[in-house]
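Everything below concerns the one structure shown next.
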Amino acid sequence: AQSVAQPEDQVNVAEGNPLTVKCTYSVSGNPYLFWYVQYPNRGLQFLLKYITGDNLVKGSYGFEAEFNKSQTSFHLKKPSALVSDSALYFCAVRDGAYNFNKFYFGSGTKLNVKP
Amino acid sequence: DAGVTQSPTHLIKTRGQQVTLRCSPKSGHDTVSWYQQALGQGPQFIFQYYEEEERQRGNFPDRFSGHQFPNYSSELNVNALLLGDSALYLCASSTPRSSYGYTFGSGTRLTVV
């Protein structure tokens, strides 16, 4: 069975500091990993994905994620946080290569960036 | 180019009633998936429609049903509403053979009282 875990309910960082939002996964087969962001009263917005290739994936709004197969992790990172990055972040794994495969989402991590 | 459109945005229903939620996919997308997001939780897969047929289903009871129309729009129906059905219902559209992720709508907030 596929699953993801986001061990932190909340992450607090100061504006300008680097941020990391953690995600670990459990899959049978190749992992297809995603990060989405959700702003209040909005749907989820795609940030980035790992399908294959380089372990460091670059995405929207300056975010990147590092795929680590040995640690089964896919942590989201940003070198310098902005107050506008404050939102709810979801890690997700898909149980196959294509969109007809199901997504499994983590429970979410609330990111608070303070001025 | 419109993204995924869901209606209504908010809805209040009484236990035992039935509800229908609607979704118009992003232009060029032909697959619609529905997710339930309870407060403080991540989205949970309900089902997926492609070519007007339910292709996959998550762990939801038969009270949850759906439909896809020839124009690719979709409806989610929930019968015999329970308090626990209160959640944000998200529609996501895609093309099935794409390796990219979904495009999500803003959701319908359903409150069952």
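Please treat every number below as a calculation from the coordinates, not as lab data. For clarity, every value in this text was computed on a predicted model and none was experimentally measured. FYI the Cβ positions are ideal-geometry reconstructions off the backbone, even for glycines, and counts take in every protein chain you see.
Checking the cross-link filter: which lysines have an alpha carbon closer than 16 Å to that of residue A:114, excluding same-chain neighbours under 8 positions apart?
Residue A:114 reaches A:78.
In whole percent, what relative contact order does the stretch A:4-115 give with Cα contacts below 8 Å and a gap of six or more residues?
37 percent
Roughly how many debye, to the nearest 20, is the charge dipole of the protein assembly as shown about its Cα centre, given +1 on each Lys and Arg Cβ, -1 on each Asp and Glu Cβ, and no other charges?
300 debye
Over the alpha carbons of the protein assembly as shown, what is the largest minus smallest coordinate on each principal axis, giving the biggest first in Å?
Computed over the Cα atoms, the extents are 49, 36, 36 Å.
Only bridges whose two residues both fall in the protein assembly as shown count here: according to DSSP, what percent of them are antiparallel, nearest 5?
90 percent
Report the charge-dipole magnitude of chain A in Debye, nearest 20, computed about the Cα centre from +1 at each Lys and Arg Cβ and -1 at each Asp and Glu Cβ. Mind showing how you got there, number by number?
Values: 11 positive and 8 negative charges, 29 e Å.
Using only the charged Cβ atoms, the result is roughly 140 debye.
Over chain B, what lengths in whole Å, largest first, do the semi-axes of the equivalent ellipsoid take, defined as the square roots of 5 times the eigenvalues of the alpha-carbon gyration tensor?
23, 14, 13
Among B:105, B:8, B:39, whose Cα projects farthest towards the positive end of the dipole of chain B, with charges put on the beta-carbon of Lys, Arg (+1) and Asp, Glu (-1)?
Checked the options; the winner is B:39.
Please give the net charge around residue B:111, taking every other residue with its beta carbon less than 14 angstrom from that of residue B:111, where Lys and Arg add +1 and Asp and Glu add -1.
Around residue B:111, the charge tally is +2.
Let's test this: bin the Cα-Cα distances of the stretch A:17-101 at 10 Å from zero up to the farthest pair and state each bin's percent.
Calculated P(r), rounded to whole percents: 17, 52, 27, 4.
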